[in-house]
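What follows is one structure encoded as structure tokens, with my remarks underneath.
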Amino acid sequence: MILPLFDAVAAVLAEAGIGAGARLCCALSGGVDSVVLVDALAGVRGSFGFVLEAAHVNHGLQAQADDWQRFCEVLCRERDIPLHVFRVDVVRDHPDGLEAAARLARYAALAEVACDWLVFGHHRDDQAETVLFRLLRGAGVRGMAAMAAIEREGARRLRPLLGLGRAEILAHARARGLAWVEDASNADPVFARNDLRHRILPAIETRFPGARRTLTRAGAHFAEAAALLDDLAGLDAAACADEGGSFARSALLMLSRPRLANLLRWTIRGQGARVPATARLDEALRQLCATGSPLALPLGELVCYSYRGRVWLAPAALATPSSRRWLATTGVAEWGGGCVYCRAAQGAGVAASALEDAECRLSPRAPGLKLRLGAARPARSLKNLCQERGIPPWLRERLPVLEVNGRIAWVGGIGVDAAFACAPGAAGWTLEWRPDVSLSTPSAIAPVPPPSVSASC
């Protein structure tokens with residue numbers, strides 16, 4: 001039983017492309033699954049050349065928690081594996097229960113480890129329990145796909161034991177003479193997953209032998225279906241995109257309701273946010289389809305905006321920024337969940353001479369703000385200018401305003417006041433506000449700003 005398990009682990013590592021210098025961190029609880037995984041990874045690391053570390057999360061929920069931590073420390077020391085130890089505070093009254101709270105705390109701690117891959121000891125029986133658990137909770141296709149042996153997106157994760165059953169892992173541990181800890185809470189039926197494992201699944205298997213393998217196979221079918229839905233969403237996104245990168249509402253409304261919901265879920269995940277509950281998403285779709293009026297529909301961490309025939313997703317509304325000093329030479333400044341970019345130019349933007357020795361501030365809009373966009377044109381209210389440029393009402397409070405010695409010189413998304421405009425051929429500074437791209441936002445998941453706001457001014 002020793003070589004087959006090692007071979008199974010090595011096969012997953014090879015498929016993931018693990019090579020020399022890769023940093024792998026194994027989540028080590030001290031239970032038999034994680035102990036077997038650490039033992040196997042230590043056994044094959046010489047063949048792959050990866051760097052192996054481990055991480056133990058002390059939840060402090062059991063009287064033996066510190067003993068389990070010491071066990072993991074000894075285990076890793078004997079195998080020359082660096083160990084990261086985290087002590088976490090678990091929310092006891094979490095609305096989803098203690099299990100969910102402990103899991104959230106555990107994954108938050110593991111996310112702090114600097115590594116290329118997090119490696120978990122989940123196996124086939126865990127997969128079957130997950131599929132059944134999510135089915136009973138009404139999960140969608142993606143949720144029913146459960147766990148994957150290799151997750152390349154986001155926090156990259158490996159589960160090299162996913163193709164093996166609990167019995168095979170126990171047999172391997174005994175054959176290797178391994179020691180591990182037993183968490184008595186894993187047998188407590190008060191926890192839903194334990195009840196599935198010890199009572200419900202065994203009862204199902206008396207009528208349907210091999211139910212665990214069947215559920216695991218079903219999870220693989222759901223994973224294929226989820227991948228196809230992602231492919232469909234990508235095609236729909238390309239078909240519905242407008243020139244500014246947001247979606248054309250008219251094109252969205254040509255999709256069937258399920259395809260539109262699928263596209264929104266795909267877009268939300270693409271921005272690194274959690275997909276909202278079905279009821280919330282259905283209500284957003286209902287409003288989006290029912291009216292062409294301006295909409296700001298909350299979807300958890302994001303808001304779905306609809307304005308002048310365009311639809312886009314962006315982070316939930318942020319607080320209005322406070323006024324602060326600004327220097328053109330800084331190049332870029334964060335503002336209202338986005339950034340103001342400043343670049344040197346000739347004959348364009350704000351006159352450089354107007355900024356010399358001046359008190360410059362980025363400020364939020366003030367009541368009654370007016371701007372004169374040409375020497376021969378009258379000053380106009382910010383409201384009228386915003387309407388002309390298609391800037392939606394909910395974005396106007398976040399517009400950055402450049403004040404020079406207390407006078408309005410530029411407004412993001414609108415332009416430069418004529419009194420501060422750069423003369424032809426003279427030195428100037430062009431400014432651009434990108435409302436939903438911050439200094440810390442990875443470009444791959446940057447929310448799409450409304451195109452009429454991100455134009456240079």
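The values are calculated or read from the model by the stated rules, or taken from the named source; none is laboratory data. Keep in mind the model is a prediction, meaning the values are calculated, not measured. Quick reminder, even Gly has a Cβ in these numbers, built from the backbone with ideal geometry, and neighbours come from all protein chains shown. Areas reflect the complete protein model, heavy atoms only, side chains present, ligands, DNA and RNA absent. Shrake-Rupley method; radii C 1.70, N 1.55, O 1.52, S 1.80 Å.
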> If you take the residues in the range 366-388 that are in contact (Cβ under 8 Å) with a residue 40 or more places away in the chain and open to solvent by 70 Å² or more (accessible area, probe 1.4 Å), which one is nearest to residue 323 (Cα to Cα)?
Replying inline: 372
> Counting only residues that are assigned to a helix (DSSP H, G or I) and under 18 Å from residue 393 (Cβ atoms), how many does the range 281-297 have?
Replying inline: 2
>> Any residue at all in the range 48-65 that's modelled with pLDDT of 95 or more and assigned to a helix (DSSP H, G or I)?
In response: yes
>> Please pick out the residue among 153, 129 that is surrounded by fewer than 15 Cβ atoms within 10 Å (Cβ to Cβ), on the phi < 0 side of the Ramachandran plot, charged (D, E, K, R) and at pLDDT below 95.
In response: 153
>> Looking for something open to solvent by 40 Å² or more (accessible area, probe 1.4 Å), acidic (Asp, Glu), within 24 Å of residue 157 (Cα to Cα) and in contact with a strand residue (DSSP E or B) (Cβ under 9 Å, 6 or more places away or on another chain) - is there at least one such residue anywhere in the range 92-113?
In response: yes
> Got at least one residue in the range 104-124 being in contact with a Gly (Cβ under 6 Å, 6 or more places away or on another chain), of a type outside the set (S, T, N, Q), in a helix (DSSP H, G or I) and closer than 24 Å to residue 11 by Cα?
Replying inline: yes
> In the range 424-434, how many residues are outside any strand (DSSP E or B) and in contact with a Ser or Thr (Cβ under 9 Å, 6 or more places away or on another chain)?
Replying inline: 1
> Where in the range 183-275 are there helices (runs of 4 or more DSSP H), lying wholly inside it, with at least 3 residues that are open to solvent by 50 Å² or more (accessible area, probe 1.4 Å)?
Replying inline: 201-207, 211-240, 257-270
> Looking at the range 309-343, which of its residues are more than 30 Å from residue 241 (Cα to Cα), open to solvent by 80 Å² or more (accessible area, probe 1.4 Å) and of a type in the set (Gly, Ala, Ser)?
Replying inline: 322
>> Please pick out the residue among 104, 83, 98 that is free of Cβ contacts under 8 Å to residues at least 60 places away in the same chain and under 30 Å from residue 204 (Cβ atoms).
In response: 104
> What strands (runs of 3 or more DSSP E), lying completely within the range 298-412, carry at least 1 residues that are among the hydroxyl-bearing types (Ser, Thr, Tyr)?
Replying inline: 302-307, 338-346, 360-363
